[in-house]
2 protein chains.
Amino acid sequence: MRNIKLTIQYDGTNYSGWQRQNNSNSIQEQIEKAINKVTSEKVNLIGSGRTDKGVHALGQVANFLTSSRIPADRFKLALNSILPEDISIIESEEVDIDFHSRYHALGKRYRYCIYNGKIRNPLYRNYAYHVPWSLNYKEMEKGIKYFIGTHDFKAFMASNSSVKSTVRTVSKFYLEHKEDLMVFTIEGNGFLYNMIRIIIGTLVDIGRERIKADKIPQILESKNRQLAGHTAPPQGLYLTRVFY
Amino acid sequence: MRNIKLTIQYDGTNYSGWQRQNNSNSIQEQIEKAINKVTSEKVNLIGSGRTDKGVHALGQVANFLTSSRIPADRFKLALNSILPEDISIIESEEVDIDFHSRYHALGKRYRYCIYNGKIRNPLYRNYAYHVPWSLNYKEMEKGIKYFIGTHDFKAFMASNSSVKSTVRTVSKFYLEHKEDLMVFTIEGNGFLYNMIRIIIGTLVDIGRERIKADKIPQILESKNRQLAGHTAPPQGLYLTRVFY
């Protein structure tokens, strides 16, 4: 058996999300079907983690075991010729048989895009969060700094989810302005369910001066989801890189 | 009667183009229907020009006559609340009763985006022309310069179209590299049918060294569509501004 690692880009707009589910169109299923066409094997494609409906990826990672003899870098071309245009394999390589996309991930980098124009821009509707209000950027920048470091992020996790530990480390978090887009980059050793979207929603609430930036330490300490801000929508979120 | 001028953005992906046609979903028709809902009048919306299926706009202009008393700047909000999310009115204002979006246009600015990565990027599939080959940028830059000025562009017009004069003036034409995108900006007093897409296709052929940049004056002079390059696809093209 050989272990093949794929690096994947996708436009999440027309999918139910990464994870295979009954009666829904997932990215995992599309790629598994394409691998099946190429190898005639039924494989289990292991992703580095799920992405929700509407969330995009520029560097999702997944791996699968195969007994096919196809050269590893050929999978890229073979799969792209079968996959729909909104999914693309940008790299395929053979890795150690023990490599596991999820267990071995040391960290992830995400991007979140906000379009801060007064009127909606049709070209961003599936690719950014439209925030039409004027935002206090200085307060938002102040807010960003409080998230960096190791914290219990329970207050920034979707309230219906459960996990052993809610302590995570955010190693990088910064904001760039690119023309009319606000582009956030956030990097960490792992993220709780909806954590980034709740952090971004909270920053928007800070920008609107509905929450004070210097309240973030208290919100973190409270571990109470109710005290954090709203959950920003999925279409602004991009998984850009997985670190191993 | 009042004359209302609209500035419009749209994602052309899901439309048959600007122009109303039987049994197809046009942008003009969508906006006319929305105006009808707001004013209870059947209007004829005059666009500055057509855009083809798949072509986008960041600043299309159109006007219509109405006897409605709705304040001009209110149309923007009223229409946006009805229009689908891939069409947006970014400005509505009252103009002189004689103003005509098409006849009075002095010039237009377009953008054309090429994604020059080896592997397709799913997020650009509807928004850029994917050119996977390596391109000779220097030759392309050289080619661009030959198009600037007043020329007979007959060789750069779709061969099945007819028009009184094929002489046009290109006043600005330049290329910027934005990360992995090549962004062309072209401005002129008017463009023939498919002219920009044939110019871009020819530049790609020059970048691939299939046509020499210094052949452009001869191609222009020949007035022969066969000698120019291929027609670049519509999804890379954006109407960004109409000048009056």
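The values are calculated or read from the model by the stated rules, or taken from the named source; none is laboratory data. Since this is a predicted model, take the numbers as computed values, not measurements. Here Cβ is always computed from backbone atoms with ideal geometry, including for glycine, and neighbour counts include all displayed protein chains.
In table form, for the structure just shown:
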| read-out | value |
| --- | --- |
| Looking only at the range B:138-158, and only at residues there that are in contact (Cβ under 8 Å) with a residue 40 or more places away in the chain and in contact with a strand residue (DSSP E or B) (Cβ under 8 Å, 6 or more places away or on another chain), the one that is surrounded by the most Cβ atoms within 10 Å (Cβ to Cβ) | B:153 |
| In the range B:35-60, residue farthest from residue B:232 (Cα to Cα) [restricted to those that are within 14 Å of another protein chain (Cβ to nearest Cβ) and hydrophobic (A, V, I, L, M, F, W, C)] | B:58 |
| Residue satisfying all of: in the range B:166-189; outside any strand (DSSP E or B) and modelled with pLDDT of 95 or more; farthest from the chain's Cα centre (by Cα) among these | B:166 |
| Some residue of the range B:61-75 being under 27 Å from residue B:237 (Cβ atoms) and either of a type in the set (Asp, Glu) or within 11 Å of another protein chain (Cβ to nearest Cβ) (or both) | no |
| Number of positions in the range A:193-239 that are outside any helix (DSSP H, G or I) and buried (at least 19 other Cβ atoms within 10 Å of the Cβ) | 8 |
| Residue in the range A:6-23 that is part of a strand (DSSP E or B), under 17 Å from residue A:105 (Cβ atoms) and touching a His at 6+ places or on another chain (Cβ under 9 Å) present | no |
| Answer residue from the range A:1-25, given it is out of contact with any strand residue (DSSP E or B) (no Cβ under 6 Å at 6 or more places or on another chain) and among the small types (Gly, Ala, Ser) and is farthest from residue A:242 (Cα to Cα) among those | A:24 |
| Filter pass, residue B:61 being surrounded by 20 or more Cβ atoms within 10 Å (Cβ to Cβ) and more than 14 Å from residue B:6 (Cβ to Cβ) | no |
| Residues (within 11 Å of chain B (Cβ to nearest Cβ) and in a loop (DSSP other than H, G, I, E, B)) located in the range A:118-131 | A:118, A:119, A:120, A:121, A:125, A:126, A:127 |
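Listed here are the residues, each with its yes/no results for (1) crowded, with 18+ Cβ neighbours inside 10 Å; (2) within 30 Å of residue A:158 (Cα to Cα); (3) under 18 Å from the mean Cα position of the chain (by Cα).
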residue: A:12; (1), (2), (3): yes, yes, yes
residue: A:19; (1), (2), (3): no, yes, yes
residue: A:24; (1), (2), (3): no, yes, no
residue: A:34; (1), (2), (3): yes, no, no
residue: A:40; (1), (2), (3): no, no, no
residue: A:48; (1), (2), (3): yes, yes, yes
residue: A:56; (1), (2), (3): yes, yes, yes
residue: A:65; (1), (2), (3): no, no, no
